[in-house]
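The next block holds one structure in the form of structure tokens; read it before the comments.
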Amino acid sequence: MRHGNFTWLIKRKEKHFVDLHRELRTYKTFLRIPLPSRRQLEDYLNKLLKMPMYRNYHMEFIDVSQLSFIHDLGPKGLEGMVLKRSGGHRIPGLNCCGHSKMCYRWSKRWMVVKDSFLVLMKPDSGAISFVLLVDKVFDIKMETKDTETKHGVRVDCLSRTLVLKFTSYRHARWWGQAVDDFVRKYGSNFLKDHRFGSFANEQKNIPSKWYVNGKQYMEDVANALEEAEEEIFITDWWLSPEIFLKRPVVEGNRWRLDSILKRQAQKGVRIFVMLYKEVELALGINSEYSKRTLLQLHPNIKVMRHPDHVSSSVYLWAHHEKIVVIDQSVAFVGGIDLAYGRWDDVEHRLTDIGSVTRTFPVSAENTSEGSPSMASQSNGPSTVHTNGKSLPVDTVDQPKLKGQGKTKKTRFSIRRHLQKHGLAPADTAQDLQADVIGLMGNTRFWHGKDYCNFVHKDWVQLDKPFDDFIDRHITPRMPWHDIASVVHGKAARDVARHFIQRWNFTKVRKSLSYPYLVPKSHTTANEIKYQVPGCTQTNVQVLRSASDWSAGIKYHEESIHTAYVNAIENSEHYIYIENQFFISCAENKVVQNKIGDAIAKRIIKAYRDGKKYRVYVVTPLLPGFEGNINTGGGSAIQAVMHFNYRKKFPYDQWMNYISFGGLRTHAELEGKLVTELIYVHSKMLIADDNTVIIGSANINDRSMLGKRDSEVAVIFEDIHTVKSVMDGQEYQAGRFGLSLRLECFRMILGANTDPSIDVTDPISDQFYKEVWMTTAARNATIYQKVFRCLPSSDVRSIFELDGFLSKPGLEKEEPARAQEELKKIRGFLVQFPLQFLSEQNLLPPIGSKESMVPMDVWT
């Protein structure tokens, strides 16, 4: 085809243009055009479609639009002008015009059919007016009784019923059949009912990576955000704009989340953020502040909160998922919110690393208001702590205590010093003044609200992010243990598709002018432009808990729950669980999820078969609600404890099969010994060193049943094996699953610092009894002897608390001996105190605000 002025082509109406029209109507024929010529043709037509004077005529003459030849949107399908009937969205309480034809309104729309979605666009502006995703209930109906319209076509999916009207019976039949044929040919995978009832198919050979704790996770998220070229999707239960994703801070505010997003938005990247809109009287995460802060950064950043409690009457359930998606090509999924308190590493410190001795003036252009870089420093040790290294302050060129800063030469000197010690990349040309601010101003890991202990005190004044709300000299922080993952390619497309479904549903519900989002095609998913380093290939399937209220779908989905039960039932040797909750009581009518039942049945089977089988469960020692455990805890803590402690398993020898543990650590704070539990926020299961589930779903009804909290998870199945050991025998373990289990076991058992601890064999008697159980029991005994800490199985009712706490621990009576005892601690694992307050009714007392909340909230 010759290129030139479009008007000239119309006037000539040469035969090759008519032939092109026919070619474009059939994608199979279009594919026969050699790729270089096809790309030139696509580029040419796309340029024309951006010109308003040609758009309308171009659309109707050759059936193309501005979405026709976008490579990542996949095959070109049928396009044309249709009449669309109003209504049809799945919005509870708002479908007022479903049966009365008097309510119907018909609008002229341009419809584009793609392999996995249909798009309606306004002809005058080309703006997308709706996106309909192809799914397992996608169906085309053309009978009058189904369409309630003469010459109509009805398109059904989980989210909407779309009714179209045409000029004749034959025209309607042709459109209906053409749409159905194209979708079934190119989008057949989306029409199937996938394993576990998931909306997403199993994806093969996906580059995958796990994360233990937030340090590496947030660093990889930061690097991936920097690589975004088109769009960024983020959804969190809680998001704190001012958190630092790379720590300690040696480059000013460069790696602060809000700074990264603003920088990318300025480059033209479109950023879409969905936040859980909390009930403010019950929860103090201040999502309104987060939304307002992000919106002020740049017009390319769009933020929505959901649900609107007044209009939707959804008070009890939350959007709990944690997702970051870059260009629909890289997707981070797990339990880590981009929020305060989540950044931690393998050391699980109770105290910060402190800061440098001196202060100095900085220019306003290099810091934002309230930045930690401007916080004045108290006198302290004359060292700089960063990246695990301690540098004497006098080895770094000091800024003058008086005057307006340093010379350029001095800033380069500091830069070279950072590079020499491996603290700054040699090939990055960052703002040198920012390096000075980051290094000399404040090198804490946790700034302001990020230093937290939420059982001691919940967050306050989140609009003042760099103001401490806990006295660091008195109260240790609560370490945060968590698990996350990243997937690429088709799996990332699936995560993005879930986000898009939620975004479009929320946009319609809130009647916002924000744009609709469209999913990229799986046909181009393997063209990965950026891959997170350190990945292993696995087979992957994306799972979720979603329903009408959370995603606007007709039938709820609980594929996470189904996958958990399946993994447990089919495990041969062991399962290892880390989870924030374990509310899944066997044969308990109050709790409905089947995870506890599946574990009990699997243990019974092992017992009857006389075979070795282990279950490891690691969960927080206390629920994460503010309350004083020394007086029995708040009502919220007690309510969750009531259901957490109802763990019932058969046979007297159940301890040979299952172990419950928690995590605890200790430190010295202002010359005093202190201890604190490590808050386990993970939502992870490993089975047999070859199957892993990582996500946001807790083991409780809220997360698992699908109709309550919204969640997202990923199941990883290994395809590459390595030699390992299982009960003393050689075993082919999965590379992904084995490496994750070993990392967790080494950290919590202390094998990282004590190489004599062998964690290779997860089910042998030597490991289970002499390493795991012995370490947990020894650590728990030492902590109780030294600190008299709670929770403890020695306290079975509230009335025993005072007597228990009246006896001082070694840290008060004999500090030197306490130090010697603490040297025997290995790792962080402690026995879970299953008898703590076992004789106490922990349900909320009558008259308390917690007692007025439905029981479902706590389960």
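Since every read-out is calculated from the coordinates, none of them should be taken as a lab result. Source: prediction; values computed, not measured. Neighbour counts are summed over all protein chains in view; Cβ atoms, including those assigned to glycine, are modelled from backbone coordinates with ideal geometry.
Step by step: first the residues of the range 471-484, then only those that are in contact with a Leu (Cβ under 9 Å, 6 or more places away or on another chain) and part of a strand (DSSP E or B), then the one that is nearest to LYS520 (Cα to Cα). Which residue is that? Per the criteria, the residue is ILE483.
Selection of strands (runs of 3 or more DSSP E) fully inside the range 94-202 by the criterion of at least 3 residues being over 37 Å from the mean Cα position of the chain (by Cα) returns 106-113. So is LYS611 outside any helix (DSSP H, G or I), out of contact with any strand residue (DSSP E or B) (no Cβ under 8 Å at 6 or more places or on another chain), of a type outside the set (Phe, Trp, Tyr) and on the phi < 0 side of the Ramachandran plot or not? So LYS611 passes the test. Output the residues belonging to the range 750-788 that are part of a loop (DSSP other than H, G, I, E, B), polar (S, T, N, Q) and farther than 22 Å from LYS612 by Cα. Within the range 750-788, ASN752, THR753, SER756 qualify. Restricting the search to strands (runs of 3 or more DSSP E) fully inside the range 669-735 and requiring at least 1 residues that are within 17 Å of the chain's Cα centre (by Cα) and crowded, with 19+ Cβ neighbours inside 10 Å gives 683-687, 691-695, 711-718.
When the range 489-526 is filtered for residues that are assigned to a helix (DSSP H, G or I) and either at positive phi or free of Cβ contacts under 8 Å to residues at least 60 places away in the same chain (or both), only GLY489 remains.
Sort out which residues of the range 230-275 are in a strand (DSSP E or B) and among the aliphatic types (A, V, I, L, M), and write them in order of number.
At the first step, the residues of the range 230-275 found to be in a strand (DSSP E or B) are 231-236, 244, 256, 270-275.
The answer is ILE232, ILE234, ILE271, VAL273, MET274, LEU275.
For VAL250, the criteria (1) among the hydrophobic types (A, V, I, L, M, F, W, C); (2) over 30 Å from MET684 (Cα atoms); (3) touching a Lys or Arg at 6+ places or on another chain (Cβ under 8 Å) hold in every case but one, which is (3).
Sort through ARG817, ARG796, ARG826 and tell me the only one that's touching a helix residue (DSSP H, G or I) at 6+ places or on another chain (Cβ under 8 Å) and either of a type in the set (Asp, Glu) or not in a helix (DSSP H, G or I) (or both).
Values: ARG817 fails: either of a type in the set (Asp, Glu) or not in a helix (DSSP H, G or I) (or both); ARG796 fails: touching a helix residue (DSSP H, G or I) at 6+ places or on another chain (Cβ under 8 Å).
On inspection, the qualifying residue turns out to be ARG826.
On the given criteria, is THR506 of a type in the set (Val, Ile, Thr), touching a His at 6+ places or on another chain (Cβ under 7 Å) and surrounded by 21 or more Cβ atoms within 10 Å (Cβ to Cβ)? When the stated conditions are applied, THR506 passes them.
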